[in-house]
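The values are calculated or read from the model by the stated rules, or taken from the named source; none is laboratory data. Quick caveat: nothing in here was measured; it's all calculated off a predicted structure. Cβ coordinates were reconstructed from backbone atoms using ideal geometry, including for glycine residues, and neighbour counts include every protein chain displayed. To get the accessible areas, we keep the full protein, side chains included, count just its heavy atoms, and leave off ligands, DNA and RNA. Shrake-Rupley method; radii C 1.70, N 1.55, O 1.52, S 1.80 Å.
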Amino acid sequence: MTTVRIPGAPSEDSSGAPGGAAAAGEEPGSAHPPLAGLPTQAPVLPLLGAVAFPDMLIPLNVGQPRSVALIQDVLSGDRVLALIAGRNPEIETPGPQELYSVGVAGVVARMMRIPDGTLRVLIQTGQRIRTSSYVQTDPYLVASIEEAPDVVAESTELDALMRSVQQTFNAIVEDVPYLPQELQIMVANVDDPSALANLIGGALRLKLEEKQELLEEADVTRRLRRLSEILAREREVVALGSQIQSQVQSELDKGQREFILRQQLKAIQAELGEVDEAGAEAGELRQQLAELALPELVRTAADRELQRLQRLQPAMAEYGVVRSYLEWIASLPWDTRTADNLDLAHARAVLDEDHYDIEQIKDRILEFLAVRSLTAGERAPSGLPGQVLCFVGPPGVGKTSLGRSIARALGRSFQRLSVGGVRDEAEIRGHRRTYVGALPGSIIRAMRDAGSANPLIIIDEIDKMGADFRGDPSSAMLEVLDPEQNREFRDHYLDLPFDLSEVMFLTTANALDTIPGALLDRMEVIQLPGYTDTEKLEIARRYLGPRQTERNGLTPARIAFSDTGLKAIVTDYTREAGVRQLEREIGSVCRKVARRVAEGSASRKVTVTEPRVHELLGPARFHHETRRRTRRPGVATGLAWTPVGGEVLFVEATAMPGSGGLMITGQLGEVMRESAQAALSYIRSSASSLIPELAPDWFAVHDIHIHVPAGATPKDGPSAGITIATALVSLLRDRPVRADVAMTGEITLTGQVLPIGGLKEKALAAQRGGVRTVIAPAENEPDIREVEELVHSGMQFRFVTTIDEVLELALGRRNHVRPAAEHARALAASPVNPRKP
């Protein structure tokens with residue numbers, strides 16, 4: 001019988017169970033020969049977690065008292081014992097029911113006592129045995145045993161199975177570290193199929209159940225077939241493990257290589273006296289971020305990005321992206337604020353110093369300061385409580401400069417954003433970091449430039465934002481300007497919440513109709529109408545004149561502006577609602593005087609009077625043309641509102657032989673065309689009372705043409721209704737409209753006059769046009785307080801409820817006037833005489 005030594009030393013735990021089946025030492029049979037005969041009874045040594053196969057040398061550590069007693073009794077006898085595996089390795093002292101019925105017989109070849117009281121024995125295994133019954137359980141187990149011989153049927157399949165098992169096992173040995181290379185030689189030299197199965201089954205680390213299954217199988221062919229299946233599975237597991245190990249090792253090698261190269265690079269830089277740029281930048285950013293009182297979420301994100309930065313090389317593209325991101329976080333005022341100056345007297349002085357009049361705006365700012373001063377110590381939301389101010393008015397009235405003055409009065413940082421023409425949402429929210437060259441939006445950039453968490457930001461031209469395929473910036477503005485949402489404003493670039501609730505937002509616009517309703521609802525609208533001539537004169541005297549004098553290198557000792565000179569500039573060289581053109585003209589006067597001073601031709605102080613203005617600026621550019629334009633019947637003076645201020649417009653009407661048609665020209669909008677149609681319908685329905693002398697069929701045989709000059713300028717709105725009606729009645733009565741009268745109001749089919757908007761702007765336009773009387777709807781009479789200064793300057797306002805009152809004021813009392821010669825000839829040429837006989 002062949003005896004095989006297995007390298008390694010399986011050990012027994014405290015219960016005496018072997019930890020493996022390995023042998024080392026003498027040649028087989030050197031201590032005791034294999035069992036020549038088998039006793040009918042033998043002591044049973046339980047094996048915990050291990051299975052012994054025939055023809056093996058097994059070293060064991062025996063420590064349990066009953067196992068020690070068993071070994072001592074066996075050594076004093078024939079040295080034969082039975083090695084049987086326990087079913088459950090967790091049971092330290094298994095009984096007959098916890099042991100398998102098939103095991104191996106063995107002879108104790110050697111024994112050595114250990115100082116701790118345990119024994120170390122070497123057992124030579126022999127035949128397979130089967131237990132039939134147990135005759136003793138104390139102090140150790142003794143069982144009746146019988147040999148369980150192998151069944152070997154020589155066949156071609158058996159030879160093929162042996163070769164397959166040998167080849168597969170040799171392949172496994174190459175990749176399994178716990179199997180020594182000598183096993184390949186041993187397996188190759190085994191010719192006995194039973195010994196081959198025992199050798200391989202004992203060498204592999206298999207499950208207890210699988211090893212016991214191989215031991216119990218008496219048919220060697222079936223045993224080798226089962227062993228072949230197990231080896232095939234183990235080969236796949238070993239191959240997969242080798243692949244995983246290779247991948248892990250590759251990653252480790254790569255990481256180690258990078259680490260070594262980085263260390264070498266640092267050593268080279270230190271040797272050359274160079275600075276570790278990446279480490280220095282990361283350290284500087286870490287220090288900057290540590291000094292900031294960042295919110296917890298922002299701190300977590302910054303630390304995460306700092307760790308990424310330290311792992312990247314400066315030459316990598318991602319390094320610049322991460323560094324820029326951290327620099328933006330470090331540059332923002334997360335917890336830096338300026339203290340509001342709540343001194344009402346100081347604020348009033350600053351506002352009066354920078355701006356003339358606009359009492360409504362000044363009162364609103366002072367109200368805000370009063371509320372803040374009463375709630376001092378409480379962290380109330382900054383900005384006007386619950387609102388964003390929107391200054392609406394024509395260009396040049398000081399909307400933007402007013403925002404700067406408010407910031408100065410409050411002691412806050414000031415930032416200006418212009419959103420006119422912005423069509424990309426990313427301009428407000430920024431671009432995501434995945435894009436090349438991504439940056440935060442204009443709001444975050446303004447906060448960085450302001451350097452405080454509570455600046456004053458004015459958003460200019462908010463009515464001129466657009467929308468296209470890139471998004472709707474006005475929708476992004478909803479979150480920015482809503483006090484309930486902007487506490488956690490998220491810019492696409494930062495992707496972190498930033499608190500905008502302490503920012504005081506102001507917006508400016510020329511018109512409200514282009515602002516989306518949802519956005520307009522978040523703002524408190526304050527109108528800034530145009531200036532009267534008196535206000536312009538005062539602004540020029542207080543602000544524009546001194547400013548242009550200084551900018552052009554002059555002093556009050558060199559130039560002075562008289563009131564008549566400034567008034568001449570206002571009336572003869574400008575026609576605007578604001579004062580921008582006025583300042584440009586004053587600057588032009590200063591430049592011409594500066595040239596004379598530089599040339600030495602102005603030795604004395606130059607006083608700018610009205611004649612000097614005409615001398616320096618040339619002929620007057622604007623004239624009052626109302627009297628000339630309304631000299632003939634059929635022309636009426638109207639007033640219109642535009643985003644740049646009020647305008648004077650003339651409505652002309654004429655008649656010609658035809659078939660009762662109406663022609664409307666002058667690039668009029670749909671609403672204005674409907675107003676013209678309504679005015680004509682009212683006149684036709686009331687012709688017998690309005691123009692008694694008109695022939696009944698006159699409208700049937702004449703065409704009427706209504707034209708509003710300045711055809712290149714689009715016009716629309718209902719407020720020209722009474723102007724169109726007055727022009728038509730003037731034509732039909734052949735009586736010119738009063739040259740000093742202008743009018744505005746919507747007309748109905750019953751002759752009622754409905755209210756309009758923009759009365760002050762229209763009244764200012766009338767003043768610029770030389771009009772002395774303005775006819776307006778009676779429902780607009782409460783608006784007279786907005787134009788009190790015009791009333792005091794001599795302008796008259798006539799408030800009416802019906803078109804009859806308009807006609808009486810514009811044309812005088814009705815009486816028959818003979819047509820002019822030209823008009824009479826044109827009418828005489830028509831097929832039907834319009835007049836009654």
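In this structure the amide hydrogen of Ile559, modeled in the peptide plane, comes within under 5 Å of the amide hydrogens of Val606, none closer than 5 places in sequence on its chain. Could you give the distance between the Cα centres of the range 412-470 and the range 669-697, to the whole Å? Taking the Cα centre of the range 669-697 as reference, the centre of the range 412-470 is 53 Å away. Taken along the Cα-to-beta-carbon direction at a fixed 7 Å, the label points for Asp495 and Glu182 span 6.1 nm. For the range 603-679, the C-alpha radius of gyration sits at 1.78 times the compact-globule guess of 2.2 N^0.38 Å, with N the residue count. Over all distinct Cα-Cα pairs of the range 495-538, the Kirkwood formula returns a hydrodynamic radius of 14.0 Å. Please give the Cα centre distance for the range 101-135 versus the range 717-751, rounded to the nearest Å. Here the answer is 129 Å between Cα centres.
Using the Cα coordinates of the range 353-485, the gyration tensor eigenvalues translate into equivalent-ellipsoid semi-axes of 28, 19, 13 Å, sorted from longest to shortest. Remark: the chain carries a charge dipole of roughly 5740 debye about the Cα centre, counting +1 on each Lys and Arg Cβ and -1 on each Asp and Glu Cβ. The peptide list 354-363, 449-458, put in order of mean Cβ contacts within 10 Å with the highest first, becomes 449-458, 354-363. Between the beta carbons of Glu296 and Phe259, assuming R0 = 22 Å, the FRET efficiency works out to 0.10 to the nearest 0.05.
Per-residue packing, averaged as other Cβ atoms within 10 Å, sorts the ranges 774-780, 45-51, 238-244 into the order 45-51, 774-780, 238-244, beginning with the highest.
Maximal additional length on extending the Asp73-Arg673 stretch stands at 203.2 nm, based on 0.36 nm per residue less the C-alpha distance.
Measure nothing fancy, just the Cα-based angle from helix 399-410's long axis to the longest principal axis of the chain, in degrees from 0 to 90, nearest 10. Taking the Cα atoms of the chain, the angle to 399-410 is about 60 degrees. Close amide H contacts of Val151 (hydrogens built in the peptide plane, cut-off under 5 Å, sequence separation of 5 or more or a different chain): Asp219, Val220. Only one residue of Ala302, Ile329, Leu75 has its Cα farthest out toward the positive end of the dipole of the chain, where Lys and Arg carry +1 and Asp and Glu -1 on Cβ, and that residue is Ile329. Computed from phi, the 3J(HN,Hα) profile of the range 658-667 under the Karplus parametrisation 6.51, -1.76, 1.60 (θ = phi - 60°) reads x, 10, x, x, 10, 10, 10, 10, x, 6 Hz, with x in place of Gly and Pro.
Packing-based ranking of 394-405, 339-350 yields 394-405, 339-350, ordered from highest to lowest mean Cβ neighbour count within 10 Å.
Over the chain, DSSP H runs of length four or greater, each weighted -39,500 (n - 2.57), average out per residue to a 222 nm ellipticity of -12500 deg cm²/dmol. Annotation: per residue accessible area for the chain equals 48 Å², rounded to a whole number [probe 1.4 Å, protein chains only]. What is the distance in Å between the Cα centroid of the range 225-256 and that of the range 591-668? The two parts, judged by their Cα centres, are 95 Å apart. In terms of distances greater than 32 angstrom between alpha carbons, the cross-link table entries Lys362/Lys762; Lys592/Lys760; Lys362/Lys605 yield Lys592/Lys760; Lys362/Lys605. Out of the total accessible area of the chain (probe 1.4 Å, heavy atoms of protein only), what percent is carbon and sulfur? Accessible surface attributable to carbon and sulfur in the chain totals 50 percent.
Taking the Cα atoms only, what angle lies between the long axis of helix 670-685 and the longest principal axis of the chain, rounded to 10 degrees? Approximately 40 degrees, to the nearest 10.
Only one residue of Val737, Ile91, Phe169 has its Cα farthest out toward the positive end of the dipole of the chain, where Lys and Arg carry +1 and Asp and Glu -1 on Cβ, and that residue is Val737.
Give the angle, between 0 and 90 degrees and rounded to the nearest 10, that separates the Cα long axis of helix 759-768 from the longest principal axis of the Cα atoms of the chain. Approximately 50 degrees, to the nearest ten. Rounded to the nearest 20, the size of the Cβ-charge dipole of the range 488-630 about its Cα centre is 1420 debye, with Lys and Arg at +1 and Asp and Glu at -1. The orientation-averaged projection of the convex hull spanning the C-alpha atoms of the chain amounts to 70.8 square nanometres.
Neighbours of Ser418, meaning other residues whose beta-carbon lies under 11 angstrom from its beta-carbon, give a summed charge of -1 when Lys and Arg score +1 and Asp and Glu score -1. Considering only Pro149, Ser132, Phe505, the residue lying farthest towards the positive end of the dipole of the chain is Phe505, judged by Cα position with unit charges set on Cβ.
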